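Data block below; observations after.
The values are calculated or read from the model by the stated rules, or taken from the named source; none is laboratory data. Because the structure is a prediction, the values reported are computed rather than measured. Cβ placement follows ideal geometry from the backbone for every residue including glycine, while neighbour counts extend to all protein chains displayed.
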Amino acid sequence: MNGLVTIITGASSGIGAATAFKLAKAGASIVLVSRADDKIERVKKQIKEEGGKAETFVADVTDIGQMKAMIDFTMEKFGRVDHLVNNAGLMLFSQWKDVAIDEWNAMIDTNIKGYLNAIAAVLPKFLEQKSGHILNMGSVAGINIDVGAGIYHGTKFFVRAITESLRKEVSVHKGIKIGLISPGVIHTGWADKVSNKEGAEIAAELNKQAIKPEDIANAVLFAFDQPDNVNVNDIVISPTLQNW
């Protein structure tokens, strides 16, 4: 990873922050992307205190203009971009009967449009330089379906579909690596963000078996640390006790 530059969206906490620490220790320079949040500055500070390289870029992934500016910022600061970890996401639980349209739209905007915006921003640069690696953060929710999270499941099935489509077009024909990391239940604080009463109960129960964000960061490093002729298409990581 020495000399390589990685952009991580949703980097202020959880999987994003853990991945930033892991890759920085492996020698990568990190661009930490998040909405305005004191936590992202703390991540940057810790990376630098541990001898790593990191810069922060405050942006909302739902804004394509801000995502394009993210690439310009990266090139200005580091002169290159090698990896994108498409990680910013939102998981909210509710029953269909609640018709929680605001929550549905929030997940669609972040989990679908946000991923597309980040890809649209970085892909032209990767195609121009004929190298690069995009890792989309999926979920086991993009493989199995349960009650209480229909829209979230839908967004993660979408991520799985676009990742495979990208792989078949830009990996196979252009040599740009494309992969998917599909975590199970992870301790990221997601359960605390569920406002719906019944959804919060489901989330709290699921979170009892959660594993650490660092376990996912290990998988990201593994995917990036492969020879040029090896593409990691999908890694599924879940708690031993998780049955879906």
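Looking at the structure I just gave you, is residue 55 over 17 Å from residue 16 (Cα atoms), touching a residue at least 24 places away in the same chain (Cβ under 8 Å) and touching a helix residue (DSSP H, G or I) at 6+ places or on another chain (Cβ under 8 Å)?
no
Restricting the first residue to segment 107-121 and requiring it to be of a type in the set (Ser, Thr, Tyr), which pairs with a second residue that is modelled with pLDDT of 95 or more meet a Cβ separation below 7 Å and a spacing of at least six or different chains?
That search, which allows pairs on different chains as well, returns 110/61; 110/62; 115/86; 115/136; 115/159.
Looking only at strands (runs of 3 or more DSSP E) that fall completely inside segment 1-87, which ones have 2 or more residues that are in contact with a Lys or Arg (Cβ under 7 Å, 6 or more places away or on another chain)?
So the answer is 29-34, 53-58.
Among the residues of segment 92-111, how many are over 18 Å from residue 145 (Cα atoms) and either in contact with a helix residue (DSSP H, G or I) (Cβ under 7 Å, 6 or more places away or on another chain) or assigned to a loop (DSSP other than H, G, I, E, B) (or both)?
2
Quick one: which of 236, 220 is touching a strand residue (DSSP E or B) at 6+ places or on another chain (Cβ under 8 Å), surrounded by fewer than 17 Cβ atoms within 10 Å (Cβ to Cβ) and at pLDDT 90 or above?
236
Pull up segment 77-100, narrow it to residues that are among the polar types (S, T, N, Q) and farther than 23 Å from residue 221 by Cα, then point me to the one that is surrounded by the most Cβ atoms within 10 Å (Cβ to Cβ).
Across segment 77-100, the extreme among qualifying residues is 94.
Against the condition crowded, with 24+ Cβ neighbours inside 10 Å, in contact with a His (Cβ under 9 Å, 6 or more places away or on another chain), touching a residue at least 24 places away in the same chain (Cβ under 8 Å) and more than 24 Å from residue 238 (Cβ to Cβ), how does residue 30 come out, does it pass?
Judged against the criteria, residue 30 is not a match.
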